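Following: one structure in structure tokens, then a few remarks.
The values are calculated or read from the model by the stated rules, or taken from the named source; none is laboratory data. Since the model is a prediction, treat every value here as computed from it, not as a measurement. Virtual Cβ from ideal backbone geometry, glycine too; neighbours counted across all protein chains shown. The area values use the complete protein model at the heavy-atom level, side chains included, leaving out ligands, DNA and RNA. Shrake-Rupley method; radii C 1.70, N 1.55, O 1.52, S 1.80 Å.
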Amino acid sequence: MSEPAASRLLVRAEGSVGRITLDRPEAINAVDHGMIRGIADALDRWEHDPDIRLVLLDGAGDRGFCAGGDVRTLREQILAGDAEAAMGFFRDEYALNARIAAYPKQIVVFADGVTMGGGIGLAGHASVRIVTERSRLAMPETRIGFTPDVGGSWLLAHAPGRIGEYLALTGRTMDAADAIYAGFADHLVPADRLDDVRHALVTRADPDTPTEITMLFDETPEPSRLASARGWIDDAFAAETVADVIVRLRARPEADARATADELETQAPTALIVTLAAVRSARGVPGLRAALAQEYALVDWFGRTQPDLVEGIRAQLVDKDRSPRWRPATLAEVPAGTAAQALSFAPTVPLWS
């Protein structure tokens, strides 16, 4: 029998700190529906509890904070024709993402190790976002024929220059310096000092704020590789279409630019085209909730109309043959107007009622 979802979270009070630990280390703390609900329930209990002044969210084990959402279950639900169950998960997940961003008490997150996809949804919108030298952050959805969600499009849209388009289309991994530069994290703390930060959050009265406490332990990151690559990234990823981005990348003298062009040509064409439009559209929405609503419509569109999502999860996470068969297989075969159609899709059940 599978382990009950309730046992995959450790929820407790440590002094005036409400602590939630994702406790599924064998899956790098990937979150399922029960875990999402459990986190939301804890935030509900603590919101008006005068004994809890802040919340700490971290992950068990030393491999990562959270590898993402349980997309294998998503694939099974789509294949079984149970799109409503899949969308129910996303509604609860996105509501939690928005709740974290708007929570009246500060939420501190230790994004130590792997923090990707759904993990970004938990960590990226928190009040104080701490990374370590082991941190590896990414929104790799295009690799499974999907598009960045959990508010990822909002974070990507507000990254410097065209870094958002670059990270969204390639799914590239950020280290701590990159994550801070791109706006996905706030502070670098050595992994072996995280326990000291926890202890200080629980026991210290002066300084009083989580940010001030964190700054007692943080370090200046090394220069960001993303910052040093801004020249060719901004030039290429400002192009109007994905095909034009690839043309510009191939025209650049940098080896990394040409390697990026090769990489993009292996990704799901439909996902690339829709994702480029989605990140740019997210720049014009009024806030995170609007960006989540846009993402929710896209998720419904992908799940109900596109074969690439199921195929991408199969190739990357189920069979692991890393040989997805995208349909359509090339950018040129994607029908004109696909991105507009996706962005105008009306979900069966609205995200915000």
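Is it true that A98 is more than 10 Å from the chain's Cα centre (by Cα) and free of Cβ contacts under 8 Å to residues at least 24 places away in the same chain? No, not satisfied. For W326, the criteria (1) in contact (Cβ under 8 Å) with a residue 12 or more places away in the chain; (2) open to solvent by 20 Å² or more (accessible area, probe 1.4 Å); (3) out of contact with any Phe, Trp or Tyr (no Cβ under 7 Å at 6 or more places or on another chain); (4) not in a loop (DSSP other than H, G, I, E, B) hold in every case but one, which is (4). Counted as qualifying within segment 144-199 are the helices (runs of 4 or more DSSP H) with 1 or more residues that are of a type in the set (V, I, T) and touching a strand residue (DSSP E or B) at 6+ places or on another chain (Cβ under 8 Å), namely 176-182.
For residues that are farther than 16 Å from Y296 by Cα and of a type in the set (D, E, K, R), scanning just segment 74-94, find the one that is surrounded by the fewest Cβ atoms within 10 Å (Cβ to Cβ). Top of the filtered list is D82. Mind listing whichever residues of segment 200-224 are assigned to a loop (DSSP other than H, G, I, E, B), in contact (Cβ under 8 Å) with a residue 24 or more places away in the chain and of a type outside the set (S, T, N, Q)? Scanning segment 200-224 gives M215, F217, D218, P221, E222, P223. Restricting T73, T115 to residues that are among the hydroxyl-bearing types (S, T, Y), touching a helix residue (DSSP H, G or I) at 6+ places or on another chain (Cβ under 9 Å) and more than 28 Å from V349 (Cβ to Cβ) narrows the list to T115. Might you let me know whether segment 277-284 holds any residue that is surrounded by fewer than 13 Cβ atoms within 10 Å (Cβ to Cβ) and at negative phi? Yes, that holds for at least one residue. For segment 290-301, what are the residues that are surrounded by fewer than 23 Cβ atoms within 10 Å (Cβ to Cβ) and over 16 Å from V349 (Cβ atoms)? A290, the sole residue that qualifies.
Scan segment 211-221 and give yes if some residue there is of a type in the set (S, T, N, Q), within 24 Å of A101 (Cβ to Cβ) and surrounded by 17 or more Cβ atoms within 10 Å (Cβ to Cβ), otherwise no. Yes, that holds for at least one residue. Can you pull out the residues in segment 130-144 that are over 23 Å from A271 (Cα atoms), touching a Pro at 6+ places or on another chain (Cβ under 8 Å) and open to solvent by 10 Å² or more (accessible area, probe 1.4 Å)? E133 - this is the single residue of segment 130-144 that is over 23 Å from A271 (Cα atoms), touching a Pro at 6+ places or on another chain (Cβ under 8 Å) and open to solvent by 10 Å² or more (accessible area, probe 1.4 Å).
If you go through segment 53-73 and keep only what is surrounded by 20 or more Cβ atoms within 10 Å (Cβ to Cβ) and among the aliphatic types (A, V, I, L, M), you end up with L54, V55, L56, L57, A67, V71.
Once segment 106-122 is narrowed to residues that are farther than 21 Å from A290 by Cβ and in contact (Cβ under 8 Å) with a residue 60 or more places away in the chain, the residue that is surrounded by the fewest Cβ atoms within 10 Å (Cβ to Cβ) is Q106.
Using the structure shown, decide if R304 is open to solvent by 30 Å² or more (accessible area, probe 1.4 Å) and within 20 Å of the chain's Cα centre (by Cα). No, not satisfied.
Scanning segment 330-353 for residues that are farther than 12 Å from L298 by Cα, exposed (fewer than 12 other Cβ atoms within 10 Å of the Cβ), aliphatic (A, V, I, L, M) and in contact (Cβ under 8 Å) with a residue 40 or more places away in the chain returns A332, V349.
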